[in-house]
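Visitor: Pasting in a structure now, in structure tokens, and then I'll have a few things to ask.
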Amino acid sequence: MKNEKILVVGGAGYIGSHMVKDLLDSGYAVITLDDLSTGHRELVTGGEFIEGGLGDRVLLERLFSTHKISAVMHFAAFSLVGESVEEPLKYYRNNMAATAELLDSMIRHNVTRFIFSSTAAVYGEPVEIPITENHPRNPTNPYGKSKIAVERMLKDCDFAYGLKYISLRYFNASGADESGKIGERHSNETHLIPLVLEVATGQRENIKIFGTSYPTPDGTCIRDYIHVSDLTKAHLLALNALLSGGDSEAYNLGNNRGYSVREVIELARKVTGKPIPAIEADKRPGDPAVLIAGSDKIKKALGWKPDYEDLETIIKTAWVWHQKEATYT
Ligand code: UDP
């Protein structure tokens, strides 16, 4: 197992950089491929780094010819719902078409194990909570549609070429590696927890609460936050399953527990000791009221067990990182 070489596409991004670190810590050899469109070179803590895109046929040809890759993990997607509505082709080109190029190169070089970062957005508006893997898949935006398109592509590739894949459908990724060396860095931040913590560091004046009349106990949206290291832990189990001859699968990754926007802000006040002013604002188009994962399938099948089930602890890890980040900006 330890001599296996893993290609991490998008390894300079938030979740990808945590994956690279955890693969290296587990003894794997790692190659990161990232075009740095949203990633950061300095977040890649080791292994080999190649700058380039996953749709670059020539580069992929060279990469797969010169390295014996045991499996590919794919984190290199655009992931902003609002942007995907305004610029759908950017999402279909990068998330879907470029992934087809990557899979094509893999198949031609007989690399047949693939772990895919999918999303809760593939389910669309929930018809039941918690959302299990059998929930209907009716994505409501181009981001979710581009991800479900890849999941379908993977199924067809399994049938046609014997590709074995595991799709991991993330709920709300959050937190930072315990080392404090890597964490979430987006140039145009839109996610709740980093924004709230940027208010705590003084980089922003306030946090806007998008909608206060949802059918939830306090009127704000409820989400299921999962620590980034619990995501990477699930990837390691999925990798192990595929390398041991396991079959293709799709699993949810969440904590089976929801927190409202107001609860997130309150916990961040507790963790940081800062007032964190919040102002009530209009709903953000396309936000479902409640998203909570049912993640029993991966617990039973792969023995996954999250280490960070409690949101206060998740926010603490993010706070260590954001305080450091604030000193550089
Ligand atoms: N949210 C908010 N204010 C912000 C950013 C997000 O109230 O400045 C809300 C958003 O409407 C959603 C929740 O926080 O209900 C989580 O949003 P995020 O963008 O972090 O993740 P998403 O659930 O969209 O993947």
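The values are calculated or read from the model by the stated rules, or taken from the named source; none is laboratory data. What you see is a predicted model, and the numbers here were worked out from it, not measured in a lab. Cβ placement follows ideal geometry from the backbone for every residue including glycine, while neighbour counts extend to all protein chains displayed. What goes into the accessible areas is simple: the full protein's heavy atoms, side chains included, and nothing from ligands, DNA or RNA. Shrake-Rupley method; radii C 1.70, N 1.55, O 1.52, S 1.80 Å.
Visitor: Kindly provide the set of residues from region 198-218 that are near the ligand (Cβ under 9 Å from one of its atoms) and open to solvent by 40 Å² or more (accessible area, probe 1.4 Å), ordered by number.
Guide: Of the residues in region 198-218, the ones near the ligand (Cβ under 9 Å from one of its atoms) are 207-211, 214.
Listed by number, the residues that qualify are Lys208, Phe210.
Visitor: Given the structure, is Leu291 within 16 Å of the ligand (Cβ to nearest atom) and either of a type outside the set (D, E, K, R) or open to solvent by 30 Å² or more (accessible area, probe 1.4 Å) (or both)? It would help to see each step written out before you state the result.
Guide: Working: within 16 Å of the ligand (Cβ to nearest atom): yes; either of a type outside the set (D, E, K, R) or open to solvent by 30 Å² or more (accessible area, probe 1.4 Å) (or both): yes.
Judged against the criteria, Leu291 is a match.
Visitor: In addition: Return yes or no: is Lys283 in a loop (DSSP other than H, G, I, E, B), over 23 Å from Ile148 (Cβ atoms), of a type outside the set (Val, Ile, Thr) and within 15 Å of the ligand (Cβ to nearest atom)? I'd like the intermediate steps shown before the answer.
Guide: Details: in a loop (DSSP other than H, G, I, E, B): yes; over 23 Å from Ile148 (Cβ atoms): yes; of a type outside the set (Val, Ile, Thr): yes; within 15 Å of the ligand (Cβ to nearest atom): yes.
For Lys283, the condition - in a loop (DSSP other than H, G, I, E, B), over 23 Å from Ile148 (Cβ atoms), of a type outside the set (Val, Ile, Thr) and within 15 Å of the ligand (Cβ to nearest atom) - is met.
Visitor: Do we find a residue being within 16 Å of the ligand (Cβ to nearest atom), hydrophobic (A, V, I, L, M, F, W, C), open to solvent by less than 50 Å² (accessible area, probe 1.4 Å) and at pLDDT 95 or above anywhere in region 294-304?
Guide: no
Visitor: Taking the options Thr317, Thr313, name whichever one is among the hydroxyl-bearing types (Ser, Thr, Tyr) and surrounded by 19 or more Cβ atoms within 10 Å (Cβ to Cβ).
Guide: Exactly one of Thr317, Thr313 is among the hydroxyl-bearing types (Ser, Thr, Tyr) and surrounded by 19 or more Cβ atoms within 10 Å (Cβ to Cβ), namely Thr317.
Visitor: Quick check on my filter: what residues within region 242-280 are within 9 Å of the ligand (Cβ to nearest atom), touching a residue at least 60 places away in the same chain (Cβ under 8 Å) and within 24 Å of the chain's Cα centre (by Cα)?
Guide: Val261, Val264, Ile265
Visitor: Might you let me know whether region 236-254 holds any residue that is at negative phi, open to solvent by less than 10 Å² (accessible area, probe 1.4 Å), among the small types (Gly, Ala, Ser) and touching a helix residue (DSSP H, G or I) at 6+ places or on another chain (Cβ under 8 Å)?
Guide: Yes, the conditions are met somewhere in region 236-254.
Visitor: Something else now. Kindly establish whether Pro126 is within 16 Å of the ligand (Cβ to nearest atom), of a type outside the set (Ser, Thr, Tyr), touching a Lys or Arg at 6+ places or on another chain (Cβ under 9 Å) and not in a strand (DSSP E or B).
Guide: Working: within 16 Å of the ligand (Cβ to nearest atom): yes; of a type outside the set (Ser, Thr, Tyr): yes; touching a Lys or Arg at 6+ places or on another chain (Cβ under 9 Å): no; not in a strand (DSSP E or B): yes.
It is false that Pro126 is within 16 Å of the ligand (Cβ to nearest atom), of a type outside the set (Ser, Thr, Tyr), touching a Lys or Arg at 6+ places or on another chain (Cβ under 9 Å) and not in a strand (DSSP E or B).
Visitor: Scanning for something under 25 Å from Tyr91 (Cβ atoms), of a type in the set (D, E, K, R) and in contact (Cβ under 8 Å) with a residue 12 or more places away in the chain, does region 167-174 turn up at least one residue?
Guide: Checked against the condition, which is being under 25 Å from Tyr91 (Cβ atoms), of a type in the set (D, E, K, R) and in contact (Cβ under 8 Å) with a residue 12 or more places away in the chain, region 167-174 yields at least one hit.
Visitor: Filter region 143-197 for residues that are more than 16 Å from the ligand (Cβ to nearest atom) and assigned to a loop (DSSP other than H, G, I, E, B) and give the result.
Guide: Across region 143-197, the qualifying residues are Gly162, Leu163, Asp177, Glu178, Ser179, Gly180, Lys181, Ile182.
Visitor: Does region 118-125 include one or more residues that are under 26 Å from Lys5 (Cβ atoms) and not hydroxyl-bearing (Ser, Thr, Tyr)?
Guide: There is no residue in region 118-125 that is under 26 Å from Lys5 (Cβ atoms) and not hydroxyl-bearing (Ser, Thr, Tyr).
Visitor: When region 25-44 is examined, which residues are found to be in a loop (DSSP other than H, G, I, E, B), of a type outside the set (A, V, I, L, M, F, W, C) and either out of contact with any Leu (no Cβ under 7 Å at 6 or more places or on another chain) or under 10 Å from Val8 (Cβ atoms) (or both)?
Guide: If we filter region 25-44 for residues that are in a loop (DSSP other than H, G, I, E, B), which is where we start, we get 26-28, 35-40, 44.
Of the ones still in play, those that are also of a type outside the set (A, V, I, L, M, F, W, C) are 26-28, 35, 37-40.
Once the filter is applied, which keeps residues that are in a loop (DSSP other than H, G, I, E, B), of a type outside the set (A, V, I, L, M, F, W, C) and either out of contact with any Leu (no Cβ under 7 Å at 6 or more places or on another chain) or under 10 Å from Val8 (Cβ atoms) (or both), region 25-44 yields Gly27, Tyr28, Asp35, Ser37, Thr38, Gly39, His40.
Visitor: What's the number of the only condition in (1) at pLDDT 95 or above; (2) more than 18 Å from Ile31 (Cα to Cα); (3) buried (at least 20 other Cβ atoms within 10 Å of the Cβ) that Thr132 fails to meet?
Guide: Checking Thr132 against (1) at pLDDT 95 or above; (2) more than 18 Å from Ile31 (Cα to Cα); (3) buried (at least 20 other Cβ atoms within 10 Å of the Cβ), the one that fails is (3).
Visitor: Let me ask something else about it. Could you list, in sequence order, the residues of region 61-112 that are among the aromatic types (Phe, Trp, Tyr) and either open to solvent by 40 Å² or more (accessible area, probe 1.4 Å) or not in a helix (DSSP H, G or I) (or both)?
Guide: Within region 61-112, Phe75, Phe78, Tyr92 qualify.
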